[in-house]
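A.B. asks: Structure in structure tokens, see below.
The values are calculated or read from the model by the stated rules, or taken from the named source; none is laboratory data. This structure is a prediction, so every number in the text was calculated from the model and none was measured. Here the Cβ positions follow ideal geometry from the backbone for every residue, glycine too, while neighbour counts run over all protein chains shown. Surface areas here come from the heavy atoms of the whole protein model, side chains and all, with no ligands, DNA or RNA. Shrake-Rupley method; radii C 1.70, N 1.55, O 1.52, S 1.80 Å.
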Amino acid sequence: MSDVCIVGAGIHPFGRTEGRDGMDQGIFAVKQALADSGIEWKDVQFAFGGSAASGNADNMVSQLGLTGIQFINVSNGCATGGSALNAAVSAIKSGEYEMGMAVGFDKHPRGAFNADPSSYGLPNWYGEAGYMLTVQFFGAKIMRYLHEHDISRETLGRVAEKAFRNGVKTDHAWRRSEVDLETIMNAPMICDPLTKYMFCSPAEGAVALILASERKAKELGVPIIRLKSSVMRTRPPGSFEVFAASIDNERGGTATEIASKAAFEQAGMGPDDIDIAQLQDTESGAEIMHMAENGFCKPGDQEQWLLEGWSEINGKLPINTDGGCLACGEPIGASGLRQVYENVVQLRGTAGARQVPGDPRTAYTQVYGAPGVSAVTILQR
Amino acid sequence: MSAQPIADNLFTEDMSALVGARNRETGHIFFPLPLTPDDNIEPIRLASRGTVWTYTIQRFPPKAPYAGPTDPEKFKPYAVAYVSLPGQTMVESRLTGVDVDNVKIGMEVELTAIPLDPDAPADEQKLIHAFKPVQGE
């Protein structure tokens, strides 16, 4: 079967942009993606898009043009962008359409995401007693992981240090200055073992991708990036998710393990075939766990990986080459698509100062979020 | 009126155990008892002793809906753990009676109740569940 191809990519810088709302950042990204692929809005046959906090994506047509296209809003929490992409790929694979768009954008207020217990099926006391904080979940989860796999706290610091170092080289990143390991380790603790530099922050930003059938992509004459897999999965029994008043004694797998396995099968590849990876790094610990959950190393080996620099831009498997969520912040609707954008740029060889050397041909993304969802893509040039 | 539990159905009536839930069909045990009655779910008494499976320390005062003391001058960091109750489930719970810097995975702990705001007048105090180190450990 022929592949679905990414023929255009656009991004609105992540971080904080005063005076521009989330949807306008989305419009910015769409216009950039259209220009990148050399097409016009009227050529786009369908769109899937979403945001968590910045309105219905289909309202974008009032600014982009009332061409009458099918525009479906996607609302899938942290996997919103990944799900929009997934749906767009299916629409082209089905043969119904030849060219369409996946878009995600958001603009969140400062500070950690606030949550209402009732929307998670929890009683009010859960929030009143001080459990309704995402940061506690991240701390408790990685605390266990470090203990079980004998990984040092410094490894968490090294993940953050690498993220900021890569962010310096990334035009679309939010945090653009290096932070040394000592500063990261000695910064105020938020939820043990994670200090403030080890967490990403809610932010703003937008990404748009133009997708086309292989036939259409060749007709456009643009650099072709093939989407070998696009998979979204939900959690299995015994996973450890945010806002859980109890978890099973018997531990199970994760949504990411399921999505990763399916994505590799779909692409006919394995972890050793991947040249670059963008992995969900809501906090430093997430990147560490996801290195293993996606099959790139064994649990416990992350300590050596970070010490030896194997996940640096010039390492054997560069991870989060644009600084990931730690350097870019996390606008929920756009975050998963940012990873794909970064891979498109890397595979085209146009990533400038952060370009992965050695002519990379394959690239992997994984986004993970509440309440136990994971989306994976594999791209190939 | 003396201190009251923060919610009904959180503790057993004598406050000696937490009320969990058991799925009659699958035997799956979890916590807390759901708010909506379900024929398939029965309340069960959870074990009052367990071990710390993991934990974190809440180092800053949470925002609403947190109802405990949030004055940054008076706020005391608190430990939040998952306590493994043998053969049942792991319950998310505050730890008490142990310095936050001395919490360890594998600690043996037992159930107690603590006031959400120790500075509140006695008759307004709300009790929340917590686990404390087993004496002599």
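A.B. asks: Report, as an integer, the average count of C-beta atoms from other chains found within 10 Å of each Cβ along B:120-129.
C.D. replies: Mean partner-chain Cβ count within 10 Å for B:120-129: 1.
A.B. asks: With springs only between Cα atoms under 10 Å apart, run a GNM on chain A and tell me which of A:GLU148, A:GLU128, A:GLU204 wobbles the most.
C.D. replies: A:GLU128
A.B. asks: Expressed as an acute angle from 0 to 90° and rounded to the nearest 10, what is the orientation of the C-alpha long axis of helix A:284-293 relative to the principal long axis of chain A?
C.D. replies: 70 degrees
A.B. asks: Okay, moving on. Under a point-charge model restricted to the Cβ atoms of Lys and Arg (+1) and Asp and Glu (-1), what is the dipole moment magnitude of segment B:4-133 relative to its Cα centre, in debye to the nearest 20?
C.D. replies: 440 debye
A.B. asks: If you don't mind, another one. What FRET efficiency do you get for A:ASP301 and B:VAL134 if R0 is 41 Å and r is their Cβ-Cβ distance, rounded to the nearest 0.05?
C.D. replies: Efficiency computed from Cβ-Cβ geometry: 0.70.
A.B. asks: Per residue, what volume in Å³ does the Cα convex hull of segment B:4-133 take up?
C.D. replies: Residue-normalised Cα hull volume stands at 117 Å³.
A.B. asks: Moving on to the next point. Using DSSP to define loop residues, name the trypsin sites (Lys or Arg not before Pro) in segment B:73-130 whose beta-carbon has at most 12 other beta-carbon atoms within 10 Å.
C.D. replies: Listed in order of number, the matching sites are B:LYS74, B:LYS104.
A.B. asks: Nearest 100 Å² is fine: what is the total accessible surface buried where chains A and B meet, probe 1.4 Å?
C.D. replies: Result for this pair: about 3100 Å² buried.
A.B. asks: In addition: Of all accessible surface on chain B at a 1.4 Å probe, what whole percent is carbon and sulfur?
C.D. replies: Accessible surface attributable to carbon and sulfur in chain B totals 48 percent.
A.B. asks: Treat each spin label as a single point 7 Å out from the Cα along the C-beta direction, and report the A:GLU182 to A:GLU148 distance in nm.
C.D. replies: 3.5 nm
A.B. asks: Excluding A:GLY205 itself, calculate the net charge of residues whose Cβ lies under 10 Å from the Cβ of A:GLY205, where each Lys or Arg counts +1 and each Asp or Glu counts -1.
C.D. replies: So the environment of A:GLY205 carries a net charge of 0.
A.B. asks: For segment A:212-254 and segment A:122-158, write down the distance between their C-alpha centroids in whole Å.
C.D. replies: Distance between centres, Cα-based: 23 Å.
A.B. asks: Under the 0.36 nm per residue contour assumption, what length would be gained going from the current alpha-carbon distance of B:LYS104 and B:GLN4 to full extension? Kindly include the intermediate steps, with their values, before the conclusion.
C.D. replies: On the way: separation 100, 0.36 × 100 = 36.00 nm, distance 3.00 nm.
Length gained, B:LYS104 through B:GLN4: 33.0 nm.
A.B. asks: In addition: Choose one answer from A:ASP322, A:ASP273, A:ASP24: the residue with the largest mean-square fluctuation in a GNM of chain A with alpha-carbon springs under 10 Å.
C.D. replies: Its mean-square fluctuation being the largest, the pick is A:ASP273.
A.B. asks: Suppose only helical runs count, i.e. DSSP H with n ≥ 4. What mean residue ellipticity at 222 nm does that imply for chain A under -39500 (n - 2.57) per run, divided by all residues and rounded to the nearest 500 deg cm²/dmol?
C.D. replies: That comes out to -10500 deg cm²/dmol.
A.B. asks: Further question: When a/c reaches 1.5 or more, the comparison of a/b and b/c decides; with that in mind, is the protein assembly as shown rounded, prolate or oblate per its Cα gyration tensor?
C.D. replies: In terms of gyration-tensor shape, prolate.
A.B. asks: From other protein chains only, count the Cβ atoms within 10 Å of every residue's Cβ in A:240-248, then give the mean.
C.D. replies: Across A:240-248, the average partner-chain Cβ count within 10 Å equals 6.
A.B. asks: Also: Name every cysteine in chain A that ends up alone, with no second cysteine's Cβ under 4.7 Å, or say none.
C.D. replies: Within chain A, the cysteines lacking a partner Cβ under 4.7 Å are A:CYS5, A:CYS78, A:CYS191, A:CYS297, A:CYS328.
A.B. asks: Here's another thing I want to ask about it. Compute the helix-to-body angle for A:255-267: its Cα long axis versus the longest principal axis of chain A, expressed 0 to 90° and rounded to tens.
C.D. replies: The angle comes out at about 40 degrees.
A.B. asks: If R0 is 45 Å, what FRET efficiency do you get for B:LEU35 and A:LEU66 from their C-beta distance, rounded to 0.05?
C.D. replies: The value I calculate is 0.45.
A.B. asks: Oh, and also: Find the centroid of the Cα atoms in segment A:318-362 and in segment A:65-91, then give the distance between the two in whole Å.
C.D. replies: Value for the Cα centre distance between the two parts: 21 Å.
A.B. asks: Tell me the label-point distance for the pair A:THR350, B:SER48, using the 7 Å Cα-to-Cβ offset, in nm and rounded to one decimal.
C.D. replies: My value for the distance between the label points is 6.8 nm.
A.B. asks: For segment B:4-133, calculate the relative contact order in percent as a whole number, restricting contacts to Cα pairs under 8 Å that are 6 or more residues apart. Before the final figure, lay out the partial values.
C.D. replies: On the way: 258 pairs, mean separation 31.2, N = 130.
Computed value for segment B:4-133: 24 percent relative contact order.
A.B. asks: Among B:GLN4, B:VAL100, B:ALA67, pick out the residue whose Cα is farthest towards the positive end of the charge dipole of segment B:4-133, where Lys and Arg carry +1 and Asp and Glu carry -1 on C-beta, about the Cα centre.
C.D. replies: Final value for the positive-end residue is B:VAL100.
A.B. asks: Distance cut-off 30 Å, Cα to Cα: go down the list A:LYS141/B:LYS74; A:LYS107/B:LYS126; A:LYS261/B:LYS104; A:LYS228/A:LYS298; A:LYS42/A:LYS218 and report the pairs above it. List each step's numbers first, then the result.
C.D. replies: Working: A:LYS141/B:LYS74 28 Å; A:LYS107/B:LYS126 37 Å; A:LYS261/B:LYS104 35 Å; A:LYS228/A:LYS298 25 Å; A:LYS42/A:LYS218 19 Å.
From the list (A:LYS141/B:LYS74; A:LYS107/B:LYS126; A:LYS261/B:LYS104; A:LYS228/A:LYS298; A:LYS42/A:LYS218), the Cα-Cα distance tops 30 Å for A:LYS107/B:LYS126; A:LYS261/B:LYS104.
A.B. asks: Let me ask something additional. Probe of 1.4 angstrom, ligands and nucleic acids ignored: what's the accessible area per residue over the protein assembly as shown, in square angstrom?
C.D. replies: 40 Å²
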